[in-house]
Amino acid sequence: MAEQVALQDDGAAMKYFTDRPGAGRHYVAGAGFPAAPRGCAAIPQIPARLAALWSDCRS
């Protein structure tokens, strides 16, 4: 519940979606709050090679 409130209040957690032509956006996974030290590399739904290309989603 605390995570849901934190997400709602400050939008601090990253959320990941697929966006396919004709199918629209679909929720894949969220990073949680606070984010994992490994960034999106810690999210099993995101392929490791993609996370690496995204620099583990660290900004």
Pull up all non-local amide H partners of Ala29: gap of 5 or more, or a different chain, and H-to-H distance under 5 Å with H placed in the peptide plane. Tyr16
To the nearest 10 Å², what's Phe17's accessible area with a 1.4 Å probe? 120 Å²
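The values are calculated or read from the model by the stated rules, or taken from the named source; none is laboratory data. The shown structure was predicted, so the numbers you read here are calculated from the model rather than taken from an experiment. What goes into the accessible areas is simple: the full protein's heavy atoms, side chains included, and nothing from ligands, DNA or RNA. Shrake-Rupley method; radii C 1.70, N 1.55, O 1.52, S 1.80 Å.
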